[in-house]
């Protein structure tokens with residue numbers, strides 16, 4: 001029983017990281033209907049920025065986190081401006097393929113020796129690890145921090161989207177781009193902001209991931225990126241609480257599978273979940289299915 | 001009208017002659033060693049990628065089904081053929097046909113089974129579903145040695161007889177091109193294309209869109225399976241990482257770059273892609289080698305921004321386009 | 001020889017709900033062979049939903065649909081089309097990047113006598129059938145004066161010709177029932193006149209039953225023998241053009257209650 005509870009806690013930690021990435025996917029898909037394949041690599045860059053912030057510049061953890069978020073957010077905005085905006089009116093497949101291209105580029109460019117290098121790097125722990133034993137369950141301060149930071153960021157996001165003018169504009173654009181434009185909303189600006197926020201969250205996720213699972217490499221974003229995407233679909237793509245719910249479930253499922261079935265099946269189970277969701281309820285757990293009007 | 005018939009016949013003869021001459025020319029160069037064994041492999045690989053890409057073009061370019069799992073079927077074909085040939089201890093290049101038939105059949109069967117539930121999905125969802133399927137398959141490959149030790153699992157499969165040669169690849173590539181071209185210019189072929197154009201309208205005029213989506217998907221996957229079989233017996237070593245979703249993206253890029261629904265475009269793009277990516281491996285100095293993988297996606301992005309319809313758009317070179325008899 | 005008197009179309013209690021919204025409710029309509037019936041009603045009345053139900057795009061929430069005495073409400077759209085019910089769409093749905101000829105040929109594909117195997121090897125069967133398809137397709141293009149456009153890309157055609165092509169495509173399979181969804185949308189008065197002639201011509205030439213949704217009153221009143229009026233998912237009136245024109249329920253549906261009261265008040269005063 002304690003082992004199960006322990007796995008649940010581990011699952012929450014993983015789920016927290018996935019949630020931060022998943023939110024970026026869901027925000028971007030909600031606003032321009034694009035599966036941003038490069039998102040997982042922005043997560044990776046965020047992890048590296050945190051790495052250098054802590055190791056090279058000796059920033060305290062909160063500052064390093066903000067630094068990584070800012071850097072990742074900026075990267076997201078730049079990618080949107082250079083690679084996706086020109087294709088705003090092109091067939092969707094062109095955008096998808098460009099996203100794939102950006103992803104490959106980020107991975108391989110980062111692998112170059114003068115950038116991040118291809119090797120695994122050990123993530124610095126900016127504070128000592130403390131373990132709390134509650135009953136026969138062990139929670140580390142790392143897990144608490146990861147979980148709390150994620151929650152705080154998600155709450156801030158939810159408040160931002162529902163209470164601020166910009167947040168309202170974001171929701172308007174995701175409903176109906178052309179009408180929002182007619183209402184005087186600057187579409188380009190809103191889309192940039194969306195990418196910025198989503199990418200910043202992914203950047204935060206990257207730092208937290210690095211702290212929790214202390215090895216990073218340029219290709220580390222591929223799997224978490226895909227799994228976070230599955231999480232967003234599972235919860236209902238385009239729906240913010242959905243991304244959080246989906247990520248929580250994905251984290252849990254993955255950790256439990258690894259513990260009770262086999263570690264090798266970890267990745268497969270994530271996509272099995274995806275297939276089941278798509279076939280049973282493609283709109284996701286919190287989604288509403290839309291019927292195409294003829 | 002008679003004139004056009006004769007024109008068609010002459011065209012056909014021209015094409016056949018062209019193919020024979022091309023084959024003989026290359027075969028001579030290969031046999032006499034003027035083209036060394038490294039480039040020999042590259043040429044074969046180009047043919048293999050052509051076949052695989054033609055399959056994806058059928059699925060995506062013609063039938064409009066966005067599949068990101070093509071490499072999985074390529075892998076299924078590869079492992080199947082390798083397994084069959086190795087188990088049966090076949091060493092004569094002629095027996096490759098058995099492996100390839102097994103490869104094609106299994107790939108097609110699995111495509112049929114997975115297609116039944118999946119092809120109902122809308123385009124971007126179909127993409128991720130096939131992506132997910134591909135990842136599951138790769139995990140299966142990684143762990144296959146638990147059931148069939150000869151498949152090697154994550155250590156890779158070794159000791160596969162090298163049965164693929166230029167003749168096999170050339171003949172099958174030509175066959176693949178002809179079959180696709182003929183299929184497209186027929187009633188079932190047009191039904192496939194109508195699914196891509198407008199599913200709702202297609203159903204409204206009597207096209208069983210489910211049947212044709214499945215047809216395109218299965219045939220395209222058979223192409224992938226056969227290509228995979230040729231691949232297995234070319235490099236004689238299989239590793240699950242050769243069949244991950246990055247490889248699916250590679251084939252997709254070829255199809256898009258060449259021009260979707262253009263057979264000539266696919267052939268052209270596949271050959272160019274292989275030669276630039278693989279061939280350059282020898283030519284480029286060590287230091288710049290890694291830049292290959294940086295420039296390639298950059299080029300991709302640029303092409304998508306400036307010429308998303310691909311190199312050929314949807315045009316065909318004269319040989320492959322169907323000469324429509326234009327009656328007044 | 002015994003002549004079977006049967007209805008072409010018979011819906012009983014046909015209903016379709018989307019969540020709490022009653023898009024179509026208890027829709028009962030009978031079409032006899034050869035009729036030209038209009039279906040009108042204010043926007044959102046559920047007319048296109050009725051079409052979508054008949055053609056199998058939506059499954060009914062309740063009720064039945066019989067075509068020539070066969071129940072079709074459980075069939076897939078392509079099966080219904082093959083049985084002989086075809087339609088056009090409010091927003092023209094052609095296979096836009098394909099040629100005009102291909103658009104027609106695709107609609108004929110299920111009548112063809114060869115499959116994939118013959119297609120791949122371009123056998124004699126394939127060649128003969130292809131010749132036949134082409135002949136039949138060119139024939140119908142000729143009837144609709146589109147022969148000169150046969151090899152052009154469908155999306156390059158002017159709007160009126162695209163409409164004609166869509167109708168031609170719906171007819172090559174020799175259907176028994178044709179559903180036209182606002183064929184006059186976006187047309188100017190002279191095009192409307194041509195459209196009315198076209199529909200009458202098609203009605204006669206192809207020995208069809210036609211159900212027509214249209215907002216242009218000139219078209220409906222001009223060519224329909226019988227008209228059904230829908231509002232809020234139900235039929236509120238049915239009859240000849242004159243009958244429904246003077247039906248107060250119809251006037252109310254289109255003009256609203258207060259306006260109707262105004263009109264009746266004015267009449268009292270006058």
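In table form, for the structure just shown:
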| read-out | value |
| --- | --- |
| Residues A:69, A:223 arranged by fewest to most Cβ contacts within 10 Å | A:223, A:69 |
| Mean Cβ neighbour count within 10 Å, used as a protection proxy, ranking A:33-40, A:13-20, C:173-180, C:232-239 highest first | A:13-20, A:33-40, C:173-180, C:232-239 |
| For peptides A:112-121, A:197-206, C:49-58, sequence by mean Cβ density within 10 Å, most packed first | A:197-206, C:49-58, A:112-121 |
| Whole-number percent relative contact order across the range A:1-151, with pairs defined as alpha carbons under 8 Å at least 6 apart | 31 percent |
| Whether chain B is rounded, prolate or oblate, judged on the alpha carbon gyration tensor where a/c under 1.5 counts as rounded | rounded |
| Residue mean of other protein chain beta carbons inside 10 Å, C:101-108 | 5 |
| Rounded to 5, percent antiparallel among DSSP beta bridges of the protein assembly as shown | 65 percent |
| Global form of the protein assembly as shown, assessed from the alpha-carbon gyration tensor, a/c cut-off 1.5 | oblate |
| Residue C:254-residue A:52 pseudo-label distance in nm [points 7 Å out on the Cα-to-Cβ vector] | 7.2 nm |
| Simple spin-label estimate for residue B:272 and residue B:24 in nanometres, 7 Å along Cα-Cβ | 3.1 nm |
| Length-normalised contact order of chain A in % [C-alpha pairs under 8 Å, at least 6 apart] | 36 percent |
| Cα centroid of the range C:117-192 to Cα centroid of the range A:88-103, whole Å | 35 Å |
| Number of partner chain Cβ atoms within 10 Å, mean per residue of C:74-81 | 5 |
| At R0 = 60 Å, FRET efficiency that the Cβ-Cβ distance of residue C:21 and residue B:290 yields, to 0.05 | 0.55 |
| Crossing angle, helix C:257-269 versus chain C [Cα axis fit, 0-90 degrees, rounded to tens] | 50 degrees |
| Choice from C:185, C:45, C:168 with maximal GNM fluctuation in chain C (Cα, 10 Å cutoff) | C:185 |
| Within chain C, helix-based [θ] at 222 nm, where runs of 4 or more DSSP H residues each add -39,500 (n - 2.57), nearest 500 | -12000 deg cm²/dmol |
| Helix-only mean residue ellipticity at 222 nm for chain A, each DSSP H run of n ≥ 4 adding -39500 (n - 2.57), per residue, nearest 500 | -23500 deg cm²/dmol |
| Euclidean distance between Cα centres, the range B:32-70 to the range B:200-257, Å | 11 Å |
| Inter-label distance, nm, simple model (7 Å from Cα along the C-beta direction), residue A:213/residue B:299 | 3.4 nm |
| Förster-model FRET efficiency, 56 Å R0, residue B:154 and residue A:165, C-beta, rounded to 0.05 | 0.60 |
| Residue exposure sequence - A:58, B:239, B:70, C:215 - by fewest surrounding Cβ within 10 Å | A:58, C:215, B:239, B:70 |
| Helix C:124-143 vs. chain C, principal-axis angle (Cα, 0 to 90°, nearest 10) | 40 degrees |
| Partner chain coverage, peptide B:249-256 - average Cβ within 10 angstrom | 3 |
| Estimated [θ] at 222 nm from DSSP helical runs (n ≥ 4, -39500 (n - 2.57)) normalised by residues in chain B, nearest 500 | -23000 deg cm²/dmol |
| Whole-angstrom gap from the range C:8-57 to the range A:1-44, using each part's C-alpha centre | 46 Å |
| Highest-fluctuation residue, C:169, C:87, C:149 considered, GNM on chain C with Cα pairs under 10 Å | C:149 |
| Relative contact order, percent, chain C [alpha-carbon distance under 8 Å, six or more residues apart] | 26 percent |
| Exposure proxy ranking, count of Cβ atoms within 10 Å, fewest first, for B:214, C:209 | B:214, C:209 |
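Values in this text are rule-based calculations from the coordinates and carry no lab data. Not measured: the values here are computed from a predicted model. Neighbour counts run over all protein chains shown; Cβ positions are idealised from the backbone, glycine included.
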